[in-house]
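Notes to accompany the following structure.
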Amino acid sequence: RGSDIGKSLYEFYSKSMSEEILKRVEIESEISRGIQKKQFFLVYQPKISSDGSTVVGFEALLRWNSQKGILTPDKFIQIAEESGLVYDLNRLVLDIVCKDIKFIKENAFKNVSVAINLSGKEFAMYNMIGVLNEHLKKHNIAPEDIEIEVTERVILNNLELSRQVFDSLNKKGIKISIDDFGTGYSSLELLLQLPIYALKIDKKFVDKIELFSNEYIIVKSIINMAKEMRLKTIAEGVERKEQYEILKALGCDQFQGYYFSKPMRVEEIKSVKM
Ligand code: C2E
Ligand code: MG
Ligand code: MG
Ligand code: MG
């Protein structure tokens with residue numbers, strides 16, 4: 001009897017596991033096809049100055065116009081990473097962002113830079129800076145027009161590499177911000193040795209800032225520390241006026257969030273009046 005149960009359990013698991021694998025393989029080949037067919041595009045969310053009056057930059061956020069509709073990165077980035085497709089995706093993103101930067105500069109904002117997000121594998125990929133340079137050159141984009149966002153986890157997982165990469169990006173004039181700041185296991189001491197431009201305060205803290213509890217204290221400390229270290233602070237996920245006002249009073253430098261603007265298609269940037 002015992003072995004029967006064992007057998008059916010085995011069949012149960014192996015069936016669901018093979019289904020899982022099948023599903024994964026399916027998604028992988030859909031992503032691969034999506035890259036070939038250029039089904040990916042970027043939407044842009046403005047970064048707003050501290051007085052709330054000016055667009056100082058944009059963040060590029062990836063979208064996939066898949067058979068299942070328009071998908072956000074949480075639905076595909078991890079699989080793209082694990083399957084290695086993220087390298088091709090990264091090249092496609094670089095091509096798109098360079099073209100879009102041209103469009104934005106010619107049609108809307110002459111002096112803004114656009115930030116792209118790099119995942120762990122993209123950041124640590126062989127010759128990442130070479131690939132980046134190659135795309136900037138091909139599209140005739142100045143390094144100052146582009147910025148990079150990586151999470152603290154990515155940096156600390158690749159500390160030696162990060163030192164070199166940050167150094168050469170910094171020398172080229174490419175700014176680097178730390179994304180989702182406050183959520184990783186950050187070794188502040190290690191992080192702050194690197195040439196960083198800004199800390200992006202995670203939405204998780206912004207969400208609860210109006211309660212004036214721990215989240216408020218954390219944000220206040222981050223902003224004060226950043227000021228002492230001459231780093232900018234950018235608050236992400238600002239949805240309400242009250243949040244903006246508290247963050248502004250604390251001295252936060254830039255803001256992003258639905259209160260100011262949702263991410264938009266590149267053509268829509270033309271109609272932004274700020
Ligand atoms: P992130 O860099 O922290 O991006 C912020 C996310 O918060 C975006 O989600 C944005 O749409 C969302 N957001 C902004 N303001 C608000 C708000 O006021 N309320 C709410 N509820 N959400 C807000 P999205 O576009 O789904 O991106 C999720 C994550 O995927 C990003 O987090 C980033 O880590 C990653 N990602 C985005 N684009 C790329 C890319 O091109 N390459 C890679 N490797 N990762 C990307
Ligand atoms: Mg980001
Ligand atoms: Mg973020
Ligand atoms: Mg975040």
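The values are calculated or read from the model by the stated rules, or taken from the named source; none is laboratory data. Note that the structure is predicted; figures quoted are calculated from it, not measured. Don't worry about glycine lacking a Cβ; one is built from the backbone with ideal geometry, like all the others, and counts go over all protein chains shown. Please note that ligands, DNA and RNA were not included when accessible areas were found on the heavy atoms of the full protein model with its side chains. Shrake-Rupley method; radii C 1.70, N 1.55, O 1.52, S 1.80 Å.
In what sequence, largest accessible area first, do Tyr87, Tyr258 appear using a 1.4 Å probe? Mind dumping the intermediate values first?
Working: Tyr87 75, Tyr258 125 Å².
So, going from the largest accessible area down, we get Tyr258, Tyr87.
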Of the options Met229, His135, Leu194, report the single residue whose Cα projects farthest towards the positive end of the charge dipole of the chain (beta-carbon charges: Lys, Arg +1; Asp, Glu -1).
His135
Whole-percent pair-distance distribution, where bins are 10 Å wide, for the alpha carbons of the stretch 147-237:
17, 51, 26, 6, 0
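Decide, for the stretch 223-264, between rounded, prolate and oblate: order the square roots of the alpha carbon gyration tensor eigenvalues as a ≥ b ≥ c, take rounded if a/c falls under 1.5, and otherwise choose prolate if a/b is larger than b/c, else oblate. Spell out each step's value before the answer.
Numbers: a/c = 3.94, a/b = 1.76, b/c = 2.23.
Since a/c reaches 1.5 but b/c is at least a/b, the shape of the stretch 223-264 is classed as oblate.
Just how large is the dipole of the stretch 43-123 about the Cα centre, in debye to the nearest 20, putting +1 at every Lys and Arg Cβ and -1 at every Asp and Glu Cβ?
Working: 10 positive and 10 negative charges, 46 e Å.
Dipole magnitude for the stretch 43-123 comes out near 220 debye.
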Within the accessible area of the stretch 186-274, what % is carbon and sulfur when the probe is 1.4 Å and the other protein chains stay in place?
51 percent
Go through Leu159, Ser66, Gly184 and say which Cα lies farthest out towards the positive end of the charge dipole of the stretch 51-197; charges sit on Cβ, +1 for Lys and Arg, -1 for Asp and Glu.
Ser66
List the aspartates and glutamates whose Cα sits under 12 Å from the Cα of Lys171, skipping any in the same chain fewer than 8 residues away.
Glu144
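For a distance above 32 Å, tell me the whole-number percent of Cα pairs in the chain that qualify. Write out the running numbers ahead of the final one.
On the way: 11184 of 37401 pairs.
Pairs farther apart than 32 Å: 30 percent.
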If amide hydrogens are placed 1.01 Å from N in the peptide plane, which non-local residues have theirs closer than 5 Å to the one on Val56?
Lys47, Ile48, Ser49
Tally up the carbon and sulfur contribution to the accessible surface of the stretch 66-130 as a whole percent, 1.4 Å probe, everything protein left in place.
51 percent
Mind putting a number on the dipole of the chain about its Cα centre? Charges go on the C-beta only, +1 for Lys and Arg and -1 for Asp and Glu, and I need it in Debye to the nearest 20.
620 debye
Treating cross-link reach as a plain straight distance, find the aspartates and glutamates whose alpha-carbon is under 16 Å from the alpha-carbon of Lys204, omitting any fewer than eight places away in the same chain.
Glu152, Asp179, Asp180, Glu215, Glu236, Glu239, Glu242
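On average, how much accessible surface per residue is there in the stretch 80-208, in Å², for a 1.4 Å probe, leaving out ligands, DNA and RNA? Intermediate results must be reported in sequence, preceding the final value.
Values: 5770 Å² over 129 residues.
Using a 1.4 Å probe on heavy atoms only, each residue of the stretch 80-208 averages 45 Å².
Using the Cα centre as the reference, give the magnitude of the dipole from point charges on the C-beta atoms of the stretch 55-172 (Lys, Arg: +1; Asp, Glu: -1; all else neutral), rounded to the nearest 20 debye. Display every interim value, and only then the final one.
Numbers: 15 positive and 17 negative charges, 62 e Å.
Dipole magnitude for the stretch 55-172 comes out near 300 debye.
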Take every DSSP beta bridge with both residues inside the chain and express the antiparallel ones as a percent of the total, to the nearest 5.
45 percent
Pop a pseudo-label 7 angstrom from the Cα along the beta-carbon direction at both Leu188 and Glu228 and give the gap in nm to one decimal.
0.7 nm
